[in-house]
Every structure is written in structure tokens, then in C-alpha cells.
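K.L.:
I'd like to ask you about the structure that follows.
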Amino acid sequence: DLLNQLLIRTREAKSSEEKFARFAEAAPIGISIMTADGCINYCNETWFKFTAHPRNVPLDQPFLWTSQVEDDDLHIVQATWQRIMTYHISPTIEFRMKHSWNAPGDSTESSPRAPTWLMSSFFPQVDESGAVKSIMSCLSDISHFKWAESIQRQRTIEALESKRQQENFIDITSHEMRNPLSAILQCADLIVDSLEDIRTASTESVQM
């Protein structure tokens, strides 16, 4: 009986493993399973696509996969890993990769290059002693969202700058530009002065 139960459990475990493998390969997110020391035991095809990690480079070295992370964002990943190991939390972070992608561009110019942004959620598995045994990571490519945010932010800055320049132009121009009544009065004074000059000139001409 014990042997039969062991065989049944073994078949069930193998079946579950096969189902997970099929799911992981078909999933639109990058999935990886890492050891506590940062080595990757498993990663799917989408993970390679998002990270652009060379396929011929083994991932059984501690934190070799972080070599593809942008240097300025590497501290985010490192600090998050420390928090996972210390507090056993399941954080979600965003960071840039070293490779870029072709962002949508104007039809009159070549597409600009934009940084690749990934969002990663980590799920640690803790053993009976309270130590982290493995960590699953789920990656999503959020480059398009980040690019759209940057475009919107740039347009907002340009609109504010345009408004500021318009206000400066109005401030630099004469007060009459903002006060039509003053301009009209000034023109009327000029007309009156011109008429007086003409009348004086005409009187002098008659006297001569």
C-alpha cells in the first residue's frame, strides 16, 4: 500500500510539474525561480525576451542575471533582495534594463530609442526553520507605459513653458497692450497735439 501511494504521489507531482511547465511557457509574463543565493533554477522563454539575457550564458551563478539591469537601478534590485531575505515580504519593484527598444516615432523621422522598463513581483518560499528556500519572480514589460508617461510629462512641461513665455511677453510689452483705454487716450492726445500743430502752422502761413 505504501508503495502504491508513493507511486500515486509521484505521478501527481510529475503531472503538476508538467502543467506548471506548460503554463509557464505559454504565459505572457517572465517567470523565474531562484535560490536564496541568487541563482536561477528555472526561467521561461518570456523571461529571456524581457531581460535580453544571453541564452548561452549559464544562470547557475549568484546574481548573474542582474548584469542586465541598468547600473543606476541596480541598487533597487539589491535592496529589494535584502528586504525579502530579512522580512520575507513579497514586494513589487520597477527598474530599467541596459537594452533599449524602438519607441513609436514621427513618420518623418526614425523611431527613437527608449529605455526598457520591467516590473517584477517576488514571492519567497520559506521552509520550516523560517529561512527563505526559493524565490519566484514574475516579470512584466512596462516600457510602453513608461514611455507614454514621459511623453505626457514632456508635453505638460512644454505647455507650462509656453504659458510662462506668453506671460513674460505680456509683462515685457507696454502697459497699453493690457489697457486699451489708456492706449486710446494716448492716441487721442497725439491727434489733438497734431491738430494744434496744423492750426498753428496755418495761422502763421496766413499772417505771412
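The values are calculated or read from the model by the stated rules, or taken from the named source; none is laboratory data. These figures come from a predicted structure and were not determined experimentally. Cβ atoms come from the backbone with ideal geometry, glycine included; neighbour counts cover every protein chain shown. Surface accessibility is based on the protein's heavy atoms, side chains included, excluding ligands, DNA and RNA. Shrake-Rupley method; radii C 1.70, N 1.55, O 1.52, S 1.80 Å.
K.L.:
Express the accessible area of the range 44-84 per residue in Å², computed with a 1.4 Å probe while the remaining protein chains stay in the model.
P.N.:
Using a 1.4 Å probe on heavy atoms only, each residue of the range 44-84 averages 56 Å².
K.L.:
Jot down the radius of gyration and Dmax of the range 38-149, Cα atoms only, both in angstrom.
P.N.:
Both quantities, over Cα of the range 38-149: 15.9, 62 Å.
K.L.:
Tell me the trypsin sites (Lys or Arg not before Pro) within the range 49-137 that lie in a loop according to DSSP and have at most 10 other beta-carbon atoms within 10 Å.
P.N.:
ARG55
K.L.:
Something else now. Hey, quick one: spin label on ARG55, modelled 7 Å out along Cα-Cβ, who in the range 34-48 has an amide N within reach, i.e. under 17 Å?
P.N.:
42-48, by backbone N distance to the label point.
K.L.:
Between the range 80-100 and the range 39-65, how far is it from one alpha carbon centroid to the other, in angstrom?
P.N.:
16
K.L.:
Applying 1/(1 + (r/R0)^6) with R0 = 22 Å to the Cβ-Cβ distance of MET136 and HIS75, what FRET efficiency is obtained, to the nearest 0.05?
P.N.:
The calculated FRET efficiency here is 0.45.
K.L.:
Let me ask something else about it. Give the relative contact order (percent, whole number) for the range 27-130; include only Cα pairs under 8 Å separated by 6+ residues.
P.N.:
Result for the range 27-130 is 19 percent.
K.L.:
Using a Förster distance of 35 Å, how high is the FRET efficiency between SER162 and GLU94, based on the Cβ-Cβ distance and rounded to 0.05?
P.N.:
0.70
K.L.:
Sequence-distant or interchain residues sharing an amide H contact under 5 Å with TYR42, placed H: which?
P.N.:
ILE33
K.L.:
HN-Hα J couplings of the range 51-61 from phi, Karplus 6.51/-1.76/1.60, θ = phi - 60°, integer Hz, Gly and Pro as x?
P.N.:
8, 6, 6, x, 6, 8, 9, x, 9, 8, 10
K.L.:
Now for a different question. Which of the lysines could a cross-linker span from LYS146 if the Cα-Cα distance has to be under 23 Å and same-chain partners fewer than 8 positions apart are dropped?
P.N.:
The qualifying lysines are LYS49, LYS98.
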